[in-house]
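S.K.: Sharing a structure with you now.
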2 protein chains.
Amino acid sequence: MKVEQDVLQKNDRLAAENRGWLRARGVTAFNLVSSPGSGKTTLLERTVREAGLPATVIEGDQATDRDTQRIRAAGARAVQINTGAGCHLDAHMVAHALEDLDPERDSTVFIENVGNLVCPALFDLGESAKVLVASVTEGDDKPYKYPHMFRAANLVLLNKIDLLEHVPFDADRFAAALREVNPRARLLHVSATRGDGLGAWYGFLRDRPTSA
Amino acid sequence: MKVEQDVLQKNDRLAAENRGWLRARGVTAFNLVSSPGSGKTTLLERTVREAGLPATVIEGDQATDRDTQRIRAAGARAVQINTGAGCHLDAHMVAHALEDLDPERDSTVFIENVGNLVCPALFDLGESAKVLVASVTEGDDKPYKYPHMFRAANLVLLNKIDLLEHVPFDADRFAAALREVNPRARLLHVSATRGDGLGAWYGFLRDRPTSA
């Protein structure tokens with residue numbers, strides 16, 4: 001387990017460097033984490049179009065640049081990181097992506113992590129806040145089953161609430177589970193396809209939290 | 001990367017031992033992998049009740065024994081493995097769980113892996129086949145974006161097809177993506193809640209594939 005600790009310590013140091021680099025530019029970064037297919041990219045496409053914030057995006061995927069193409073089509077600059085067999089972004093990858101991206105002063109950077117509710121929990125990227133996107137199709141027990149990731153989140157967006165009537169998901173049970181695992185996390189209900197709750201999400205972004 | 005190779009080599013050796021242990025008892029093991037919330041446990045509850053196979057279950061989760069409780073309530077013996085911060089089961093954990101489970105001769109063992117489309121791809125557990133459960137709510141691009149896991153699968157169950165009319169999912173595009181990434185994988189459409197396609201799944205299980 002020594003090796004793992006060394007890896008995490010090195011990552012924490014590089015994440016602190018990223019945090020300094022971002023602060024020097026007045027840039028706020030959000031680390032978006034979720035299961036595969038929870039709707040992070042759809043949310044970002046819409047956010048780029050509607051939130052009225054100057055924003056750029058770092059896309060993390062095992063393979064393909066599909067999400068980067070989608071973000072560019074929505075009107076924002078984006079760079080892709082492919083992790084190969086890796087299950088998460090790390091601070092070193094993000095440092096290089098930030099240099100490539102060269103975000104303008106006082107802008108927002110969205111970092112879309114690899115779809116994974118386990119690995120990204122341990123790796124600080126230097127972000128101001130972790131945003132966990134969960135969807136109602138995944139079941140209301142997920143905070144209990146993936147406690148590390150839910151504990152690390154500053155904001156939980158419960159997405160796909162347009163599908164609520166079609167799935168066995170109890171929103172009160174989900175909220176209670178989240179409170180038990182992480183009482184400090186904010187929770188917003190959204191539908192990235194239909195638009196529900198996005199005003200509150202854009203408000204959260206405009207408040208620009210400044211520490212992780 | 002030397003450490004990682006050593007870990008994988010050790011795992012492969014222990015997986016081979018598991019395979020021998022299972023073969024000596026005539027037991028067929030299936031390794032079920034998916035994103036969080038794709039419906040593996042719901043599928044297993046129903047399979048335990050309906051498939052007419054003597055079966056036991058090994059449940060893998062970061063935390064809680066919720067899924068084990070659900071399987072026991074459905075009528076099968078089950079043991080829980082909690083991986084803590086870990087993102088997958090490994091052959092060593094499964095070896096211990098098999099000793100605890102003590103499956104009867106010529107029975108079936110289902111191993112429900114941690115919900116994760118990345119890490120379990122690399123870790124052989126000694127199973128006869130990997131079954132990947134994908135759901136229509138996750139999007140039709142997933143084989144491209146998680147190629148290691150889709151390439152490792154012997155069978156892909158496309159689950160939640162009862163929700164197909166409510167989500168932007170193109171089943172033909174998904175099938176084409178899967179064929180491109182893994183032409184050998186079989187694909188079945190199922191709904192673990194409504195029952196669609198489960199006859200074909202039970203048929204696959206009764207055919208008892210004997211090698212990974």
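Any read-out appearing in this document is the output of simple, stated calculations on the displayed coordinates, not a laboratory observation. Nothing here was measured: the structure is a model prediction, and the numbers come from that model. Counting neighbours? That spans all protein chains shown, and the Cβs are built from the backbone with ideal geometry, glycine included.
S.K.: Relative contact order (percent) for chain A, with alpha-carbon contacts under 8 angstrom and 6 or more residues of separation? Present the calculation step by step, with values, prior to reporting the outcome.
M.R.: Working: 421 pairs, mean separation 51.9, N = 212.
That works out to 24 percent.
S.K.: Rg/Rh for the stretch B:95-212: what does it come to with C-alpha atoms and Rh from Kirkwood? Kindly include the intermediate steps, with their values, before the conclusion.
M.R.: Values: Rg = 15.0 Å, Rh = 15.3 Å.
Rounded to two decimals, Rg/Rh equals 0.98.
S.K.: I would also like to ask the following. Mind giving me the FRET efficiency for B:GLU104 and B:GLU180? R0 is 51 Å, r the Cβ-Cβ distance, nearest 0.05 is fine.
M.R.: 0.80
S.K.: What is the sum of charges, Lys and Arg at +1 and Asp and Glu at -1, for the other residues whose Cβ falls under 10 Å from the Cβ of A:ALA134? List each step's numbers first, then the result.
M.R.: Numbers: positive: A:LYS142, A:LYS160; negative: A:GLU138, A:ASP140.
Net local charge, A:ALA134 excluded: 0.
S.K.: Can you list which of the trypsin sites (Lys or Arg not before Pro) found in the stretch B:142-212 are DSSP loop residues with at most 10 other C-beta atoms within 10 Å?
M.R.: Working: sites: B:LYS145, B:ARG151, B:LYS160, B:ARG173, B:ARG179, B:ARG184, B:ARG186, B:ARG194, B:ARG206; in loops: B:LYS160, B:ARG184, B:ARG194.
Hits after loop and neighbour filter: B:ARG184.
S.K.: Residue by residue through A:131-142, how many Cβ atoms from other chains fall within 10 Å of the Cβ on average?
M.R.: Working: counts 0, 0, 0, 2, 4, 2, 11, 9, 7, 1, 8, 3.
Per-residue shielding by partner chains comes out at 4.
S.K.: Return the inverse of the average 1/r over all pairs of distinct C-alpha atoms in the stretch A:2-207, which is the Kirkwood hydrodynamic radius, in Å to one decimal.
M.R.: 17.1
S.K.: Nothing charged except the Cβ atoms of Lys and Arg (+1) and of Asp and Glu (-1): what's the magnitude of the dipole of the stretch A:2-207 about its Cα centre? Round to the nearest 20 debye.
M.R.: Working: 25 positive and 29 negative charges, 62 e Å.
The calculated dipole for the stretch A:2-207 is roughly 300 debye.
S.K.: Determine the dipole magnitude for the protein assembly as shown: charges of +1 sit on the beta-carbon of Lys and Arg, -1 on that of Asp and Glu, nothing else is charged, the reference point is the Cα centre, and the result goes in debye to the nearest 20. The partial results should precede the final answer.
M.R.: On the way: 52 positive and 58 negative charges, 2 e Å.
It comes to approximately 0 debye.
S.K.: Which value, in Å to one decimal place, does the Kirkwood hydrodynamic radius take for the stretch A:12-91 when every pair of different Cα atoms is included? Write down the numbers at each step before the final one.
M.R.: On the way: mean 1/r = 0.0727 Å⁻¹.
One decimal place: 13.7 Å for the Kirkwood radius.
S.K.: Counting only helical runs of four or more DSSP H residues, what would the 222 nm mean residue ellipticity of chain A come to if each run contributes -39,500 (n - 2.57) and the total is spread over all its residues? If you can, show how the numbers build up before the last one.
M.R.: Details: 8 runs with 86 residues, N = 212.
Mean residue ellipticity, 222 nm, calculated: -12000 deg cm²/dmol.
S.K.: Would you look at the GNM of chain B, springs on alpha carbons closer than 10 Å, and say which of B:PRO120, B:PRO143, B:PRO54 moves the most?
M.R.: B:PRO54
S.K.: Also: Please identify every one of the chymotrypsin sites (Phe, Trp or Tyr not before Pro) in the stretch A:114-212 that sits in a loop by DSSP and has no more than 13 other beta carbons within 10 Å of its own beta carbon. Working shown, then result.
M.R.: Working: sites: A:PHE123, A:TYR144, A:PHE150, A:PHE169, A:PHE174, A:TRP201, A:TYR202, A:PHE204; in loops: A:PHE123, A:PHE169.
Listed in order of number, the matching sites amount to none.
S.K.: Where Lys and Arg each count +1 and Asp and Glu each count -1, what net charge lies around A:THR83 among other residues with Cβ under 10 Å from its Cβ?
M.R.: Working: positive: none; negative: A:ASP61, A:ASP90.
For residues surrounding A:THR83, the net value is -2.
S.K.: Pull out the extension gain between A:ASP196 and A:ALA73, defined as 0.36 nm times the separation in residues minus the alpha carbon to alpha carbon distance; nm, one decimal. Each step should come with its number before you reach the end.
M.R.: Numbers: separation 123, 0.36 × 123 = 44.28 nm, distance 2.25 nm.
Additional length available on full extension: 42.0 nm.
S.K.: Hey, got the average number of other protein chain Cβ atoms within 10 angstrom for residues in B:34-47?
M.R.: Working: counts 2, 9, 18, 18, 6, 3, 0, 2, 2, 0, 0, 0, 0, 0.
Per-residue shielding by partner chains comes out at 4.
S.K.: Would you work out the Kirkwood radius for the stretch A:66-161? I mean one over the mean of 1/r across all pairs of different Cα atoms, in Å.
M.R.: Values: mean 1/r = 0.0673 Å⁻¹.
The answer is 14.8 Å.
S.K.: Something else: So what does log10 I(q)/I(0) come out to for the stretch B:147-205 at q = 0.14, 0.27, 0.29 Å⁻¹, using the Debye formula with one equal point on every Cα and no solvent?
M.R.: Log10 of I(q)/I(0), two decimals: -0.41, -1.16, -1.20.
S.K.: For the residue pair B:ARG49 and A:ARG151, what label-to-label distance in nm results when each label sits 7 Å from Cα along the Cα-to-beta-carbon direction?
M.R.: Taking the two extended label points, one gets 3.5 nm.
S.K.: Could you check which residue among B:SER34, B:SER107, B:SER128 shows the biggest mean-square fluctuation in a GNM of chain B with a 10 Å Cα cutoff?
M.R.: Of B:SER34, B:SER107, B:SER128, the Gaussian network model singles out B:SER107 as fluctuating most.
S.K.: Give me Rg/Rg_expected for the protein assembly as shown, where Rg uses Cα atoms only and Rg_expected = 2.2 N^0.38 Å with N residues.
M.R.: Values: Rg = 21.2 Å, N = 424, 2.2 N^0.38 = 21.9 Å.
Cα-based Rg divided by the globular estimate yields 0.97.
S.K.: Less than 14 Å Cβ to Cβ from B:VAL109, Lys/Arg counted +1 and Asp/Glu -1: what total charge do the surrounding residues give?
M.R.: Numbers: positive: B:ARG19, B:ARG23, B:ARG25, B:ARG77, B:ARG105, B:LYS130, B:ARG208; negative: B:GLU59, B:GLU99, B:ASP100, B:ASP102, B:GLU104, B:ASP106, B:GLU112, B:GLU127.
After counting each charged neighbour, the total is -1.
S.K.: Can you list the GluC sites (Glu not before Pro) in the stretch A:38-82 that are in a DSSP coil and have 15 or fewer other beta carbons within 10 angstrom? Provide the component values of the computation, followed by the final result.
M.R.: Working: sites: A:GLU45, A:GLU50, A:GLU59; in loops: none.
Loop-located and lightly packed - none at all.
S.K.: Okay, moving on. Three principal axis extents, largest first, for the C-alpha atoms of the stretch A:51-113, in Å?
M.R.: Its Cα atoms span 35, 23, 17 Å along the three principal axes.
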